[in-house]
Amino acid sequence: MGSVIRVLNDDVVNKIAAGEVVENPASVVKELVENSLDAGAGEITIEIKGGGRQLIRVTDNGLGMSADDALLSVQRHATSKISDIDDLNHLNTMGFRGEAIASIASISKFTLITGQGGGSGTLVFVDGGKIVKQAPAAASRGTSIEVRSLFFNVPVRKKFQKSPAHDSSEIFKAVSMMALGNPGVRFQLVRDGKAALTASVLEGEFPDQLKERISTVLSGDFLKSCLPLQRSNVQGFIGNPSATRHNRLGQYLFINRRPVASPQISRAVREGYGTTIPPQRYPVFVLHLTMPGFDVDVNVHPQKREVRLRDEETVIAHVRDAVSGALRKKESNILTAAPRFAFYEPAQEEAYRVEEAAEVHSVPIEVNHPEFSFAPPTQEKAFPRVVYTIAGYILAEDADGVIIVDQRRAHHRVLFDRLLNGSHGCHSQNLLIPERIQLTKIEAEAMREGLPLLNKMGFEIREFGPEAFVVESVPQSFSNKDIPSMIKDILEDFREYSSPDDSQMQRLFAGIAKRGAVSSRVRLGQAEAEGLVRDLWRSSSPEQSPQGQKIWTLVTPETISGLI
């Protein structure tokens, strides 16, 4: 019997490596820009067309390469960043494996032009992994890499790519993250011939440069909600305790300029706030950590998204102390600036109590049956009859006994079903005064991508500037909510479930519906309670909320007799 194990040829090996390194056009941009940063570039321009599938061009003013190095750079496992295994323990570069260029060139029409100054340089053209041409070329100092027809020779990979609009949005996010990580480098992103992002460099120290970069890449409003943090090897900005979000998407962490995800460090930041932020809320931050290369392992993920820390507990304690120290410093400044004597004003407390009590009064919710009627429903519908309401609960009865309904969970189920079934039942309500929402650039990208879905849900939103939008209509159930905060929370969900599958779409709708559900502190009127109960009993699952919580319980006469 012959051997069934064989050595793969270079073409197949390169395409397998490309599957690990090149997920989508955004990953190509990321790899090329990281090479530019490692080459010491002070200016990097990224141009894309068709979401990056038609064209990706990255141009820098870095060191450039000689003719021999230019040819070697398109070979697999060719790198200038390590020479032996020990170098993996002292990495201070963004990339190091030597797979990216060869992998990208194997699945595209790839052109490299590079020079080290003096006006002359080298051109290398690679077509689907095969070097077609190497020749002298006019070139300034630096490197320009052009990637065309990405995935042209791997149709299976091309088939599973998202839409060009989605890829364009992902590239914007990737460039934004690298711009935040390198505030001393000028970035420009040109998308289909139009400037999408221009991040200039401010003269001065790193904290000043980072402040300017946050204002450019995120927004001035994001920066206004933050306070500075600077403690040895931890620098950046953390949000005020009031500037929290319902997930971690407002958290930007960089270790040695590399954007990374670290649940441990995120948790350390959260612990640094102590009890100043409520449960299930997360602070926002832009933090830069600097540490020796041997203290951090970036080789635990093919795309280098995650890192492993050698002395994790020490780093966590240091970050936690830095955050709590910055918050104490802020509190100290507030106390110093405050009047020396302060008097308690009971009138303010009384006003708060009146306002809080007002929330218990009946408020309108979206129901399909607003008519007022105490008459029991006909037998074929078998709806429980509402007999009483209290804040948070509806008491109803049927032939088996008394039913206690959690109104918030019930409304959550009803809204979820309407969202899941499309626009049916999601009636819009025009706002008397349209709400203007100012977003960060990354949030604005998510808004543009999610607008069709938001409009289908009953929102009417239009652009009102580069990062500004105006909300003119909302679903009736959302009309008395804090609309800017609600929209931003929904956008965070969009970012978390980018191009969601069916199960993720259900989780997305479940989160949105929960925000629109009536408060447990509200007491519904008779007609509202009846409409909600009828809609619940017509829903896909009247027993459970979209998050698996029990909506109602039955109290039978036998249960009551056992209690007395």
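Every read-out reported here was derived from the displayed coordinates using simple, explicitly stated rules and does not represent laboratory data. Small disclaimer: the values here were computed from a predicted structure and weren't measured. Note that each Cβ is placed from the backbone with ideal geometry, even for glycine, and that neighbours are counted across all protein chains shown.
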Next on the checklist: Could you check the spin-label model distance between Ala261 and Phe464? Points 7 Å from the Cα along Cα→Cβ, value in nm.
Outcome noted: 3.4 nm
Item to check | Label point 7 Å beyond Cα of Ala317 along Cβ direction - residues of the stretch 245-263 with amide nitrogen under 15 Å | outcome: none
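Quick one: which of 539-552, 207-220 comes out on top by average Cβ neighbours within 10 Å, and what's the full order, highest first?
Values: 539-552: 15.5, 207-220: 19.4.
Highest-to-lowest ranking by the protection proxy: 207-220, 539-552.
Give the calculated FRET efficiency between Asp68 and Val156 to the nearest 0.05, with a Förster radius of 25 Å applied to their Cβ-Cβ distance. Each step should come with its number before you reach the end.
Details: r = 35 Å, r/R0 = 1.41.
Calculated transfer efficiency: 0.10.
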Item to check | Length released on extending from Asp489 to Met505, taking residue separation times 0.36 nm less the Cα-Cα span | outcome: 4.2 nm
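Order these peptides, 278-288, 26-36, 309-319, by their mean beta-carbon neighbour count within 10 angstrom, highest first. Write down the numbers at each step before the final one.
Details: 278-288: 17.8, 26-36: 24.5, 309-319: 16.1.
Going by the mean number of other Cβ atoms within 10 Å, highest first, we get 26-36, 278-288, 309-319.
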Item to check | Rounded FRET efficiency, nearest 0.05, which uses the C-beta distance separating Glu271 from Phe206 and R0 of 35 Å | outcome: 0.85
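Taking 24 Å as the cut-off for C-alpha to C-alpha distance, list the pairs among Lys211/Lys329; Lys224/Lys488; Lys109/Lys441; Lys162/Lys441 that go past it. Intermediate values should be presented prior to the final figure.
Details: Lys211/Lys329 19 Å; Lys224/Lys488 17 Å; Lys109/Lys441 31 Å; Lys162/Lys441 21 Å.
In this structure, Lys109/Lys441 lie more than 24 Å apart at Cα.
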Item to check | Local electrostatic count at Ala41 - Lys and Arg +1, Asp and Glu -1, tallied over other residues with Cβ under 12 Å | outcome: -2
